[in-house]
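Comments concern the structure below.
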Amino acid sequence: MNGTPKKGFAPPTDSDEDEEYTSDQESSEEEVQSEDEGPAEVPDDELDDAAKLVRAAERKEAGNDLFKKKDYVNATRFYTQAISLDPRNPAYLTNRAASRMGSKQYQAALEDCQNAAALQAAAPQSKTLLRLARCQLALGRVEPAQQTLDQLLKLDGANAQVQQERARCARIANHVSNVKRELANKNWSMVLLGVDAAAREVDETPKEWRTWKVEALIGKKQYDAAAGMAA
């Protein structure tokens, strides 16, 4: 009788014990995981002004770390978050400009530099203007670059980088001037040489320069090459 289970009562089986242990273990693991994750981050748009400034600085530092690793895409993403939180901080704009320049996104970088320069209009900063000039030169925008570099010369004329960019700007301006002269003379070979020389100084060849090259190719009756350039 002692070894016979009572009617309606079944002793726990090994499988029941395993299931009970597994259930408790999973519950415990879920609690630990929940504790490790910590509280959810407050959305940016729910922060007060002071907290937004703190978070913006944190995003900028994260962007700086990625920039040092040459991860320009993700650095740009963090700088963009910082700008969204603190849009009137020109340092965040110039940082994003540098990151975009690293990704060869010169038009977007130019816009960041222009916006930063506008915020600093009362007290222009040479660092901002130098990046602005570099973006302008990268895009072959010689005259705006000359104006920016003239302003830089007054602010920081002894800076070797400023002198380097001024020399680069002068070379490009000289090539462009020669091309225009040779165009007027219909000296097509010299036009091609001049455009190529100018293009080597920039990162993105301006549309106007490509048009000059197409005209020269047509002048030399190199119609297939001209069609390829115009496409």
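Derivation of every value follows stated rules applied to the coordinates shown; laboratory data play no part. From a predicted model like this one, the values you see are computed outputs, not experimental measurements. Cβ: placed from backbone, ideal geometry, glycine included. Neighbour counts: every protein chain shown.
Criterion first (of a type in the set (S, T, N, Q), surrounded by fewer than 16 Cβ atoms within 10 Å (Cβ to Cβ) and outside any loop (DSSP other than H, G, I, E, B)) does Gln146 satisfy it? When the stated conditions are applied, Gln146 does not pass them.
Consider Phe67 carefully, then state whether it is under 29 Å from Arg168 (Cα atoms) and aromatic (Phe, Trp, Tyr). So that I can check it myself, show each step before the final result.
Details: under 29 Å from Arg168 (Cα atoms): yes; aromatic (Phe, Trp, Tyr): yes.
Yes; evaluated as a whole, the condition is true for this residue.
Which of the residues spanning region 41-53 are without any contact (Cβ under 8 Å) to a residue 40 or more places away in the chain, farther than 15 Å from Ala91 by Cβ and in a helix (DSSP H, G or I)? Even if it seems obvious, please write down each step before you answer.
Narrowing region 41-53 to residues without any contact (Cβ under 8 Å) to a residue 40 or more places away in the chain: 41-43, 45-53.
With the extra rule that they be farther than 15 Å from Ala91 by Cβ, the set shrinks to 41-43, 45-52.
Of everything in region 41-53, those that are without any contact (Cβ under 8 Å) to a residue 40 or more places away in the chain, farther than 15 Å from Ala91 by Cβ and in a helix (DSSP H, G or I) turn out to be Asp45, Glu46, Asp49, Ala50, Ala51, Lys52.
Would you confirm, using the coordinates I've provided, whether Glu165 is surrounded by 14 or more Cβ atoms within 10 Å (Cβ to Cβ) and more than 14 Å from the chain's Cα centre (by Cα)? Yes: the conditions hold for Glu165.
If I filter region 170-216 down to residues being among the β-branched types (Val, Ile, Thr) and touching a helix residue (DSSP H, G or I) at 6+ places or on another chain (Cβ under 8 Å), which single residue comes out as farthest from Leu149 (Cα to Cα)? Talk me through it step by step, then tell me what you get.
To start, the set of residues in region 170-216 that are among the β-branched types (Val, Ile, Thr) comprises 172, 176, 179, 191, 195, 202, 205, 211, 214.
In the following step, the residues that additionally are touching a helix residue (DSSP H, G or I) at 6+ places or on another chain (Cβ under 8 Å) were identified as 172, 176, 179, 191, 195, 202, 205, 214.
Working: Ile172: 14, Val176: 18, Val179: 23, Val191: 27, Val195: 23, Val202: 16, Thr205: 20, Val214: 31 Å.
Across region 170-216, the extreme among qualifying residues is Val214.
A single entry from Leu85, Leu152, Leu129, Leu93 fulfils the requirement of being farther than 17 Å from Val202 by Cα, buried (at least 21 other Cβ atoms within 10 Å of the Cβ) and more than 23 Å from the chain's Cα centre (by Cα): Leu152. Are any residues in region 103-143 over 20 Å from Arg171 (Cα atoms) and not in a helix (DSSP H, G or I), and if so, which ones? Across region 103-143, the qualifying residues are Ser103, Lys104, Gln105, Gln120, Ala121, Ala122, Ala123, Pro124, Gln125.
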